[in-house]
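Report on the following structure.
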Amino acid sequence: MKKLFKSLSVVLVAFVMVLGLSSNVYAADNTLVYSGKEEGFGFGGSEYTPTDFFHNFKGVMPGDELDENVSILNDASDCSEIKVYIKNIVHDENENPMSPNVDLEEENEVTMNDFLNQLTMTITSGGNTIYSGSAYIQGMNEYIYLGTLQKGESLDLNIHLSVPIELGNEYAYRVGEVDWSFVSEAFTYETINVSKTWKGDNKKNRPTSVDVQLYKDGKEDEVIQLSQDNNWTYKFDHLSDEYEWTVKEINVDSNYNVSYKIKGDNVEIINKRKKGTNTGVQSNTGLYIGLLGISALVIIVLIVYRRKQNS
């Protein structure tokens, strides 16, 4: 039943901040959309760089307290869920230089980082603080787990930027760029739907429940119980693609033979009453026959007794 995959998708987005500089306004949807293992993430850009994902921090002024809300949406049809992580990537002169439209004449990495260090940034998700500190983010050198998204689910991030009011004129028209790397880990899980079918018996005589063992690469894993309470069905899901999964009924009633019918993700466990074993109907019939025999014997005894009295 192995048919699963786990794949990674990485996207690098730019967080561009501009102090006191007018900027064209873009009607951008701040949603990072994951479309599938082949397509990966999609989003819009800005006049500064095609990877600019944040649009609310242009033309900021001293004393500003600004917020930007962004969403990550799992819009994929080829996976069950994705796990999302975030990491900061610092600019340097070699491996990750500044974007051309950010690298203005008066701007370089030293002045940019100095500017970003004057600002305070807080990133939260679901009420949890992911990062709080300088906008020149140095506290996310390792990937941080954001959450798990099922198909159609989204995850919201809030970015709060605080600009000190005492920021001097020497920072006017400064531009800062921070790169964030988002990683999605996509999973498609195997599902095994187990159902029970009874044949050749009477409901009054069958067991009230049966045990089904799940095996991981042939080794015992979870045991579940099928009964009338769960309509003799159960769904094993979120089964990792690293193993081969099988199921088997255990502790089988000695009056039944067990067989299995497998179709796709569905496993039908069939319990058929063995021939020659008593069912509820057969037992009652035998009882009736026995009672009739006893009645006939009593009648015969009475007849013989009366004849003796008349002789």
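Tell me which of these Val18 doesn't satisfy, since it passes every other one: (1) within 18 Å of Tyr173 (Cβ to Cβ); (2) loosely packed, with under 15 Cβ neighbours inside 10 Å; (3) at pLDDT 80 or above; (4) not acidic (Asp, Glu).
(2)
Yes or no: Val90 within 18 Å of Ser134 (Cα to Cα) and either out of contact with any Leu (no Cβ under 9 Å at 6 or more places or on another chain) or modelled with pLDDT under 90 (or both)?
Spelling it out, Val90 is indeed within 18 Å of Ser134 (Cα to Cα) and either out of contact with any Leu (no Cβ under 9 Å at 6 or more places or on another chain) or modelled with pLDDT under 90 (or both).
Return the total of residues in region 136-171 being part of a loop (DSSP other than H, G, I, E, B) and either more than 20 Å from Ser71 (Cα to Cα) or β-branched (Val, Ile, Thr) (or both).
Looking only at that region, the number is 12.
Which condition from (1) among the aliphatic types (A, V, I, L, M); (2) modelled with pLDDT under 90; (3) farther than 30 Å from Val163 by Cβ is the one that Ala27 breaks?
So Ala27 meets the others, but not (3).
Which of the residues belonging to region 115-166 are β-branched (Val, Ile, Thr) and surrounded by 13 or more Cβ atoms within 10 Å (Cβ to Cβ)?
Thr120, Thr122, Ile123, Thr124, Ile130, Ile137, Ile144, Thr148, Ile159, Val163
Of the residues Val258, Val247, which is more than 30 Å from Leu12 (Cα to Cα), among the hydrophobic types (A, V, I, L, M, F, W, C) and touching a Leu at 6+ places or on another chain (Cβ under 7 Å)?
Answer to the selection: Val247.
To keep it simple, each residue is scored yes or no on (1) at pLDDT 95 or above; (2) surrounded by 12 or more Cβ atoms within 10 Å (Cβ to Cβ); (3) in contact with a Ser or Thr (Cβ under 7 Å, 6 or more places away or on another chain); (4) among the basic types (Lys, Arg).
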| position | (1), (2), (3), (4) |
| --- | --- |
| Ile270 | yes, yes, yes, no |
| Thr277 | no, yes, no, no |
| Gln282 | no, yes, no, no |
| Leu292 | no, no, no, no |
| Ala296 | no, no, no, no |
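Quick one: in region 104-135, of everything that is of a type in the set (Asp, Glu) and in a loop (DSSP other than H, G, I, E, B), which residue is modelled with the highest pLDDT?
Per the stated criteria, the residue is Glu107.
If I ask for residues that are at pLDDT 85 or above and closer than 30 Å to Thr188 by Cβ, which ones from region 36-52 would you list?
Gly36, Lys37, Glu38, Glu39, Gly40, Phe41, Gly42, Thr51, listed by residue number.
Suppose we filter Lys248, Lys263 for residues that are under 30 Å from the mean Cα position of the chain (by Cα), modelled with pLDDT of 90 or more and exposed (fewer than 11 other Cβ atoms within 10 Å of the Cβ); which single one remains?
Among Lys248, Lys263, only Lys263 is under 30 Å from the mean Cα position of the chain (by Cα), modelled with pLDDT of 90 or more and exposed (fewer than 11 other Cβ atoms within 10 Å of the Cβ).
Has region 95-103 got at least one residue that is modelled with pLDDT of 90 or more, part of a loop (DSSP other than H, G, I, E, B) and not assigned by TED's automatic domain parsing to the domain that holds His238?
No - not one qualifying residue is present in region 95-103.
Would you please name the residue that is surrounded by the most Cβ atoms within 10 Å (Cβ to Cβ), looking only at residues in region 235-244 that are farther than 14 Å from Thr188 by Cβ and under 19 Å from the mean Cα position of the chain (by Cα)?
Phe236
Can you spot a residue in region 64-72 that is exposed (fewer than 14 other Cβ atoms within 10 Å of the Cβ) and modelled with pLDDT under 90?
For region 64-72, residues exposed (fewer than 14 other Cβ atoms within 10 Å of the Cβ) and modelled with pLDDT under 90: absent.
The values are calculated or read from the model by the stated rules, or taken from the named source; none is laboratory data. All values derive from a computational prediction rather than experimental measurement. No Cβ is skipped: glycine too gets one built from the backbone with ideal geometry, and neighbour counts run over all protein chains shown.
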